[in-house]
Amino acid sequence: KMYFTSVCFLQYMSGFGNEFSSEDPRCPGSLPEGQNNPQVCPYGLYAEQLSGSAFTCPRPTNKRSWLYRILPSVKHKPFIAMSCGDVTENWNEVEPDPNQVNFSHSCGLHTVCGAGDAKSRNGIGIHIYTCNSSMVDRCFNNSDGDFLIVPQQGEILITTEFGKMMVEPNEICVIQQGMRFSVEVFGETRGYILEVYGAHFELPDLGPIGANGLANPRDFLCPVAWYEDRTVSTGYTVINKYQGKLFACQQDFSPFNVVAWHGNYTPYKYSLDNFMVINCVAFDHADPSIFTVLTAKSTKPGVAIADFVIFPPRWGVADHTFRPPYYHRNCMSEFMGLIKGHYEAKEEGFQPGGASLHSIMTPHGPDTGCFEKNTAAALQPERVADGTMAFMFESSFSMAVTKWGLQTCQRLDKNYYQCWETLRKHFNPKW
């Protein structure tokens, strides 16, 4: 697949978890034939394997790619600790708070909430980013886990060791553990990041839905090989997130020097417009798991470390039914974000770029206006959420909010609970 943007002409390969192969057309024949690690690689390249799983994982879960590069990534100066800013894995900065939490947008890269531990490879972190300048002669590498990036405002051009991806609002991308990347922006840019330790994202099982539906594999796009052979006399900075801390090292060349590669461990992007929506056509409100795009599974069957769920435009046709999301107490944590429009269960007070966290077993549901409107509505077939895209990071972890999220950001809506305060009693024992 090929896409033309105002920035550059980009090509992609289609599929999810496929065995891909790609070489920069400037160096035809740069992929070795018949083996991974020849004595001498074509064009004098170095062979380097990037493993995303243990060598002995079963074939369906075994992830690795071979990169053929001008210089190997091992050529760099020592890593030195650097300031982490508001990026943290300290979930004990403040006392636990089970209340419903609502944030408006803010500036920088900030950890909002999370749980678990990168050292034990089990947990998640949720971050919000804003920026208006590109990464110049620097890249980022996450040794702790995978990044699922959800742009909310402004397109981002991501250069990786595998090639380039343009990711726009209403699209997502996944940069898997250990992959170096740099981001170019074109103005004010904002979005969300879900970080998962110790697991990779998969397509959810479809069960009785059948062979097709939800996010189809063919709609995921992987970049094609692109390289730059560039010496940086002033130094190129590689930032490494390792055990929840940030470190930096220097080298004198661009890390995006991969001329060819093959394998099934790659970055990828996906347009949320391509999601094939499943919904109720008779009665009752189906559980939101039918809107799952990607899942990072735990070791317990049916329980996710994290699910990425969307609430896309669709038809609502259920009879005798309260059609918005129901009132709920959940054994999972629910972090909600809004890319555009208005969330159907809270049309006021939940802004694009903002977020809410409903912690484990904390009650949540439609506000007063939504309830009153939809209990009195004439139930005709209607479009739901047109012009809107809300999403949820749902996790089996009991997430803690950081000190930045609760205090420092000064974006916490302390009156959030009031959207339910005006719910009134309708009980009539003589009904």
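So for the stretch 12-272: antiparallel DSSP bridges make up what percent, rounded to the nearest 5? Walk me through the numbers before you get to the answer.
Values: 73 of 79 bridges.
Looking only at bridges with both residues in the stretch 12-272, the antiparallel portion is about 90 percent.
Excluding GLN250 itself, what net charge comes from residues whose Cβ is under 13 Å from its Cβ, given Lys and Arg +1 and Asp and Glu -1?
Once all neighbours under 13 Å are counted, the net charge is +1.
Beyond 21 Å in Cα-Cα separation lie the following of the pairs LYS269/LYS300; LYS119/LYS245; LYS119/LYS164; LYS77/LYS241: LYS269/LYS300; LYS119/LYS164.
To the nearest µm²/s, what D does Stokes-Einstein give for the stretch 283-347 at 4 °C and 1.567 mPa s, using the Kirkwood radius over alpha carbon pairs as Rh?
On the way: Rh = 13.8 Å.
Stokes-Einstein gives a translational diffusion coefficient of 94 µm²/s.
All other residues whose Cβ lies under 15 angstrom from that of SER143 are scored, Lys and Arg at +1 and Asp and Glu at -1, for a net of -1. With all protein chains in place and ligands, DNA and RNA left out, the 1.4 Å accessible area ranks CYS113, CYS419 as CYS419, CYS113, largest first.
The slack between CYS280 and GLU228, meaning 0.36 nm per residue of separation minus the straight C-alpha distance, is 13.7 nm. In the stretch 38-92, the alpha-carbon atoms span a convex hull of 188 Å³ per residue. In angstrom, the C-alpha Rg and Dmax of the chain are 22.8, 87.
Taking the stretch 220-301, which trypsin sites (Lys or Arg not before Pro) meet the DSSP loop condition and have no more than 14 other C-beta atoms within 10 Å?
Details: sites: ARG230, LYS241, LYS245, LYS269, LYS297; in loops: ARG230.
Listed in order of number, the matching sites are ARG230.
In plain terms, if you count all Cα to Cα distances in the stretch 186-281 and split them into 10 Å steps from zero, the share in each step is 10, 25, 36, 19, 8, 2, 0 percent.
Solvent-accessible surface of the chain, taken per residue with a 1.4 Å probe and all protein chains present: 47 Å².
How about the stretch 325-431: which trypsin sites (Lys or Arg not before Pro) there lie in a loop by DSSP and see at most 14 other Cβ atoms within 10 Å?
Values: sites: ARG329, LYS340, LYS346, LYS373, ARG383, LYS403, ARG411, LYS414, ARG424, LYS425, LYS430; in loops: ARG329, ARG411, LYS414, ARG424, LYS425, LYS430.
For trypsin sites (Lys or Arg not before Pro) across the stretch 325-431 that sit outside H, G, I, E and B with at most 14 neighbouring Cβ atoms in 10 Å, the list reads ARG329, LYS414, ARG424, LYS425, LYS430.
Other residues with beta-carbon under 14 Å from the beta-carbon of ALA199 carry, at +1 per Lys or Arg and -1 per Asp or Glu, a net charge of -2. At a 1.4 Å probe radius, carbon and sulfur cover how many percent of the accessible area of the stretch 12-272? Solvent-exposed carbon and sulfur of the stretch 12-272 make up 51 percent of the total.
Over the chain, what is the relative contact order in percent, taking alpha-carbon pairs closer than 8 angstrom and at least six residues apart?
Numbers: 1079 pairs, mean separation 86.9, N = 431.
Averaging sequence separation for qualifying contacts and normalising by length gives 20 percent for the chain.
Note on the stretch 277-414: the alpha carbon radius of gyration divided by the globular reference 2.2 N^0.38 Å gives 1.09. Each Lys and Arg contributes +1 and each Asp and Glu -1, all at the Cβ; summed about the Cα centre of the chain, the dipole is approximately 440 debye. Note on surface exposure: HIS358, HIS328 rank HIS328, HIS358 by accessible area, highest first, 1.4 Å probe.
Taking all protein chains as shown and a probe of 1.4 angstrom, ILE209 keeps an accessible surface of around 70 Å².
Which loop GluC sites (Glu not before Pro) in the stretch 1-101, with loop taken from DSSP, have no more than 14 other Cβ atoms within 10 angstrom of their Cβ? Walk me through the numbers on the way to the answer.
Working: sites: GLU19, GLU23, GLU33, GLU48, GLU89, GLU93; in loops: GLU19, GLU33, GLU89, GLU93.
Sites meeting the loop and neighbour criteria: GLU19, GLU33.
Straight-line cross-link reach from LYS373 at under 23 Å between alpha-carbon atoms covers these lysines, not counting any fewer than eight positions away in the same chain: LYS340, LYS346, LYS425. Using a probe of 1.4 Å on the protein chains alone, the accessible area found for PHE147 is around 20 Å². Across the stretch 195-334, the mean sequence separation of Cα contacts (distance under 8 Å, 6 or more residues apart), normalised by length, yields a relative contact order of 27 percent.
The values are calculated or read from the model by the stated rules, or taken from the named source; none is laboratory data. This structure is a prediction, so every number in the text was calculated from the model and none was measured. Don't worry about glycine lacking a Cβ; one is built from the backbone with ideal geometry, like all the others, and counts go over all protein chains shown. Note: areas computed on protein heavy atoms with side chains; ligands, DNA, RNA excluded. Shrake-Rupley method; radii C 1.70, N 1.55, O 1.52, S 1.80 Å.
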